[in-house]
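Here the structure comes first, spelled out in C-alpha cells, and everything after it is commentary.
The values are calculated or read from the model by the stated rules, or taken from the named source; none is laboratory data. Since this is a predicted model, take the numbers as computed values, not measurements. No Cβ is skipped: glycine too gets one built from the backbone with ideal geometry, and neighbour counts run over all protein chains shown.
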Amino acid sequence: MNQLQLFLPCAAGVEDYLAPEVLRITGLPPGCVTKQRGGVAVRTSLAHAMLLNLHSRLAQRVLVLLSFTEYRNEQDLYRAASEVAWERWFTPRESIKVEVTAQHSPLTSLNFAALKIKDAVCDRFRVTAGGVRPDVNTQWPDVRIYTHLSTDSCSLYIDTSGEPLFKRGWREDKGDAPLKETLAAAMLAASGWADGDADLLPLYDPCCGSGTIVIEAAQIACNIAPGSLRRFAFEKYLPFRRAEWDAIKKEAKDAEVLREPGQKPLIFGSDVAHRMVDFAQRNAQRAGVADVIEFRGGDALQRMPPIDIPGVMLLNPPYGERIEVAGVAKGAGHAGRQFDEEDAQAGRFGARELPQTQEGGEFFSQLASHWKKNYPGWSAWILTPDLKLPGKMRLKEARRVPMWNGPIECRLFRFDMVKGSARAI
Ligand SMILES: C[S@@+](CC[C@H](N)C(=O)[O-])C[C@H]1O[C@@H](n2cnc3c(N)ncnc32)[C@H](O)[C@@H]1O
C-alpha cells in the first residue's frame, strides 16, 4: 500500500487550487501531483490517502486507482474488474455499490456496464472467499467502486471517503440553498484570503444563509481539519491500521489554534432572515467555531461594516425565484424565471446574461451604492451565475474566476471598493 495512484475529483476549475492543497497537506514534491480535468492525480501511500480525507477542503473524494485498461465492450469491463484483487481491500461481509461515469464511451448502457462490473467483483469473491459474495447496497454501501470510461480506456477505483467530502459532519440546519462546503472553500481559495503568513484580514458574508462560507473560513483560521467530525470508508478496509489513523487525528487535533480569551472575532456573518442566522449559529457551534464568528441579523443594503478595518466580503447572494431577495429591495418588481431544480437535474448550465429584472437589478445597484459609500477599502467577492452582474452594479470587476455551483456555471467576481467612488464603469 506504499505506492498507490490516487485521484481526487473536484469541481471543474478547482484543480488549480486543489493541486497546491494536496502538496501542502502531504508535503510531497510537486512531481508526485498531476492536474487533470476535474481532479488531481497523486502518486503516494495509503497514509496520505487518510491524511487527504481528513484535511482536504476542495476534493470531492479520495479514490485509489486499482486498474487502468483498454476496453471495447462490457466483456472487457468484466475481465478488467475480475483481475483486481478486491479481497486485499475488503471482505464479502461489506456491501458494495458500483458507479459508472463516461465520456465519449461507445457503450449504450452505463447501467449494464455497472452490472457487469458488479458481477465480476462478486464472482471473484465467490472464488477467493469460498462461495461467499458481497451484497449490493445502493444507499449506504460500505464500499463504493467507481468506474470511469473514456472512448477506449476503463479506470477502476475504490473510494476511500464514503460520504462525499463536502459533508463535513457539522451541517444539520440547511436553509433553502446552502452552498456546498467544497465550493465555499474554493471561493476562499480563489480569493487568497488565507494565503501567506500575514495576519488574516476581516472576512464578512452579508448574505450568510446557513453560514457555510464563514464556517469554512473560521475552521481555516483555527486550523480545524474539515474531516475531524466524520467517519470515512477506509476505516472498514482491510489495510486500515487504527493506531496509524488515531495518530494522524491526534496530530491534527493538537495543531488546532485555540482562540485567546477576549480576542475579538474577525469573521462576521449576517442575513436578513433571522431563521437563517439561527441555523448558521447552530452549525458554527457543531463545527467548533461559534466563538470565532459574530453573527447578526439584518439587510445587506443597510448593514454597516462589522469592524473598523477594511477586509474581504465573500458571498453568494440571492438570485432568481428560488432564493429571493428580501429586505428593503423586496417588492420592487418580479424576478424572471432563472434557475430551478429541474434545470439543475436536466444538466449543466452556462453562466448567462440574466435579464435586468427590476428586483435583482434594483438589489444589486443598491448594494453597490451602499458599499461604495460605506465600505471603502473592502474587496467584495460575489459568486453568481449572472454575467451581467458588474453592469447591474455599475462596477468594473478586478477579477472574474469561472466556477461551477453544481450544474450551474458561475463567475466569482471581485470588486474593489475604492474610497468615495469605487471603480465605477
Ligand atoms: C444563496 S443564499 C446564501 C446561502 C449561504 N451561502 C449558505 O451557505 O447557506 C442567499 C441568502 O441571502 C439572504 N438574503 C436575501 N436578501 C437579503 C438581504 N437583503 N440582505 C441580507 N441577506 C439577504 C437569504 O435569506 C439567503 O439566506
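The conditions of being without any contact (Cβ under 8 Å) to a residue 24 or more places away in the chain and assigned by TED's automatic domain parsing to the domain that holds Pro385 are met by Asp195. Restricting attention to segment 99-114, the residues that are surrounded by 15 or more Cβ atoms within 10 Å (Cβ to Cβ), touching a helix residue (DSSP H, G or I) at 6+ places or on another chain (Cβ under 8 Å) and among the hydrophobic types (A, V, I, L, M, F, W, C) add up to 4. Checked against the criteria, Glu359 counts as within 11 Å of the ligand (Cβ to nearest atom), at pLDDT below 55 and either crowded, with 18+ Cβ neighbours inside 10 Å or not aromatic (Phe, Trp, Tyr) (or both).
Restricting attention to segment 149-180, the residues that are surrounded by 20 or more Cβ atoms within 10 Å (Cβ to Cβ), within 25 Å of Pro385 (Cβ to Cβ) and more than 12 Å from the ligand (Cβ to nearest atom) total 2.
When restricted to residues that are over 20 Å from Pro318 (Cα atoms), among the aliphatic types (A, V, I, L, M) and either more than 25 Å from the chain's Cα centre (by Cα) or not in a helix (DSSP H, G or I) (or both), segment 243-279 contains 7.
For segment 246-279, the set of residues classified as modelled with pLDDT of 95 or more, away from the ligand (no atom under 13 Å from the Cβ) and under 17 Å from Pro305 (Cα atoms) consists of Ile267 only. Scanning segment 77-106 for residues that are assigned to a loop (DSSP other than H, G, I, E, B), in contact with a strand residue (DSSP E or B) (Cβ under 7 Å, 6 or more places away or on another chain) and over 14 Å from Phe125 (Cα atoms) yields a single hit, Ser105. If only residues of segment 289-324 that are of a type in the set (A, V, I, L, M, F, W, C) and part of a loop (DSSP other than H, G, I, E, B) are counted, the one that is farthest from the ligand (Cβ to nearest atom) is Ile309. Scanning segment 115-129 for residues that are in contact (Cβ under 8 Å) with a residue 12 or more places away in the chain and either surrounded by 19 or more Cβ atoms within 10 Å (Cβ to Cβ) or over 11 Å from Leu77 (Cα atoms) (or both) turns up Lys116, Ile117, Lys118, Ala120, Val121, Cys122, Asp123, Arg124, Phe125, Thr128, Ala129. Checking Ile158, Ile213, Ile224, Ile220 one by one, the residue that is under 23 Å from Cys10 (Cβ atoms) and more than 17 Å from the chain's Cα centre (by Cα) is Ile158 and no other. Checking Ala81, Ala47 one by one, the residue that is surrounded by fewer than 19 Cβ atoms within 10 Å (Cβ to Cβ), hydrophobic (A, V, I, L, M, F, W, C) and more than 25 Å from Ser191 (Cα to Cα) is Ala47 and no other.
Inside segment 291-336, residues that are modelled with pLDDT under 95 and among the small types (Gly, Ala, Ser) make up a count of 9. The residues on offer are Arg230, Arg282, Arg286, and the sole one that is within 20 Å of the chain's Cα centre (by Cα), within 16 Å of the ligand (Cβ to nearest atom) and either at pLDDT below 95 or surrounded by fewer than 20 Cβ atoms within 10 Å (Cβ to Cβ) (or both) is Arg286. Selection over segment 16-53 of residues that are among the charged types (D, E, K, R) and more than 20 Å from Ala225 (Cα to Cα) gives a count of 4.
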